[in-house]
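Notes to accompany the following structure.
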Amino acid sequence: MSTHRFFIDHPIRAKRVKIAVGCCCEICGSILPLEGLEIHALDPGREAMRAGTTPSGEEILVLCFRCHEDVHEFLLPLEEQAWIVGMRDAEKRKKIREILSYVPRSYTPPESDIEEAYREACSSRFRFGV
């Protein structure tokens, strides 16, 4: 799974990562609403992401639209992108790692008779509009 695909599949995590960096572009420092920020993958073809692992935060940047376009247009070297990630303070780094490593508890629905529950709901004394 690509980093881009990961954040499309997990929009709440993407939102929380943007908030973790202070709703701020990590290159120009512009403070923007969440919709004005994008998550940029340093190396989209990375093997670890293809294997379906979760990003750790060390391979992403939160950028405004303009900076994101510039990174791609001017082919900012991977080393410089990694340097920008390395400039994050420890607290932001920790928050992003926590957000991305969160695994929800598995849910097992209670064993119940669906047909019985449906009949009970349909015969409910709490009918609306009656």
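The values are calculated or read from the model by the stated rules, or taken from the named source; none is laboratory data. All values reported here derive from a predicted model rather than from experimental measurement. Every residue, glycine among them, receives a Cβ derived from its backbone with ideal geometry; neighbour counts consider all protein chains shown.
Does segment 100-122 include one or more residues that are surrounded by 10 or more Cβ atoms within 10 Å (Cβ to Cβ), basic (K, R) and modelled with pLDDT of 85 or more? Break it down stepwise before answering.
Going through segment 100-122, the residues surrounded by 10 or more Cβ atoms within 10 Å (Cβ to Cβ) turn out to be 100-102, 117-120.
Filter once more, keeping what is basic (K, R): 119.
Checking the rest, the ones that are also modelled with pLDDT of 85 or more come to none.
Scanning segment 100-122, I find no residue that is surrounded by 10 or more Cβ atoms within 10 Å (Cβ to Cβ), basic (K, R) and modelled with pLDDT of 85 or more, so the answer is no.
Considering only residues that are of a type in the set (K, R) and either closer than 29 Å to I12 by Cβ or touching a residue at least 60 places away in the same chain (Cβ under 8 Å) (or both), which ones fall in segment 71-125? Don't jump to the end; show me each part of the working.
We begin by selecting, within segment 71-125, every residue of a type in the set (K, R); these are 88, 92-95, 97, 105, 119, 125.
Across segment 71-125, the qualifying residues are R88, K92, R93, K94, K95, R97, R105.
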>> I'm trying to understand the selection: among the residues of segment 24-54, which are under 17 Å from L100 (Cα atoms) and either at pLDDT 90 or above or touching a strand residue (DSSP E or B) at 6+ places or on another chain (Cβ under 8 Å) (or both)?
In response: E38, I39, H40, A41, L42, M49
